[in-house]
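S.K.: Mind looking over this structure? Questions follow.
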Amino acid sequence: MKFISWNIDSLNAALTSESARALLSREVLRTIKEHDADVIAIQETKLSANGPSKKHISIIEENLPNYTVVWRSSVEPARKGYAGTMFLYKNYLQPKVHYPSIGAPTTMDAEGRMITLEFDDFYLTQVYTPNAGDGLKRLSDRQIWDEKYADYLERLDKEKPVLATGDYNVAHKEIDLAHPNNNRRSAGFTDEERQGFTNLLNRGFTDTFRLINGDVEGVYSWWAQRAKTSKINNSGWRIDYWLVSDRIKDKVVKSEMIDSGPRQDHTPILIELNM
């Protein structure tokens, strides 16, 4: 089976805008279509509480036919048009869909950050992990989130194997970003966030990119939009992951980034498994 995950940073903009960035986003969607994945996970949809409009669904069906769409948006008391996630799965699949709450602090559980698909033999869950924020103002809440999320994955893993993906908003090790020494107290590379990710893996999960590719350097999944030359200079971070339960790691065939061309921000990530 083949699965793809991508933080799209506004589904509406990607589908309906005519900006230069939106055109680049649609090129990425065309690349994703060519891979013909069984399931596509999308983070940071930024849709309204009502989810995708009829126009959105029509465009999705036109560009990614033969998929069932399920979504989760940010709802009150959380901010409107914030965060949000979506799954597209091939019509021949019939998973049970869960919209978990994990007991996260503040409004995090209302921000549409998680969806889980339950198949007969495994769970497939995606996450858009909260950012620690400017000045690390959300770091303490983020640490609680990390613990609650790890508890959730461990509960799933007790029932059946887990595939977990998404934007985890953390570069785990120095090799996972271009300039570690300049980012020791930057959101996404604090000791606290890195330890949180280590703790998650220690619950029985494998970072499949490192499993398959070893200590390859200079491969990232995100390049800052604010720095115009970040992608040209490959000044990136690896903050998007495919994780699997340790007991099925031998089933992983491929785990890699999908080339998103000149578009900065996140690039899609792909995993193939013999399930």
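S.K.: For segment 106-156, give me each residue that is more than 17 Å from the chain's Cα centre (by Cα) and of a type in the set (S, T, N, Q).
M.R.: T106, T107, S140, Q143
S.K.: Return only the number of the condition from (1) touching a residue at least 24 places away in the same chain (Cβ under 8 Å); (2) part of a helix (DSSP H, G or I); (3) not aromatic (F, W, Y) that K158 does not satisfy.
M.R.: Only one criterion in (1) touching a residue at least 24 places away in the same chain (Cβ under 8 Å); (2) part of a helix (DSSP H, G or I); (3) not aromatic (F, W, Y) is unmet by K158, namely (1).
S.K.: Kindly list, by first and then second residue, each pair from a residue in segment 206-221 that is under 15 Å from I248 (Cα atoms) to a residue that is of a type in the set (D, E), limited to pairs with Cβ atoms under 6 Å and residues at least 6 apart or on different chains.
M.R.: T206/D246
S.K.: For the subset of segment 103-137 comprising residues that are charged (D, E, K, R) and within 15 Å of A83 (Cα to Cα), which member is surrounded by the most Cβ atoms within 10 Å (Cβ to Cβ)?
M.R.: R113
S.K.: Could you tell me whether segment 167-180 includes any residue that is modelled with pLDDT of 95 or more, of a type in the set (F, W, Y) and farther than 24 Å from S230 by Cβ?
M.R.: For segment 167-180, residues modelled with pLDDT of 95 or more, of a type in the set (F, W, Y) and farther than 24 Å from S230 by Cβ: absent.
S.K.: I would also like to ask the following. Quick check: anything in segment 253-274 among the basic types (K, R), within 19 Å of the chain's Cα centre (by Cα), modelled with pLDDT of 95 or more and assigned to a loop (DSSP other than H, G, I, E, B)?
M.R.: yes
S.K.: Let me ask something additional. Answer yes or no: is there a residue in segment 95-102 that is crowded, with 22+ Cβ neighbours inside 10 Å, under 21 Å from T129 (Cβ atoms) and modelled with pLDDT of 95 or more.
M.R.: no
The values are calculated or read from the model by the stated rules, or taken from the named source; none is laboratory data. Treat the numbers as computed from the prediction; the structure is a model and nothing was measured. With ideal geometry, Cβ positions are generated from the backbone for all residues, glycine too; neighbour counts draw on all protein chains shown.
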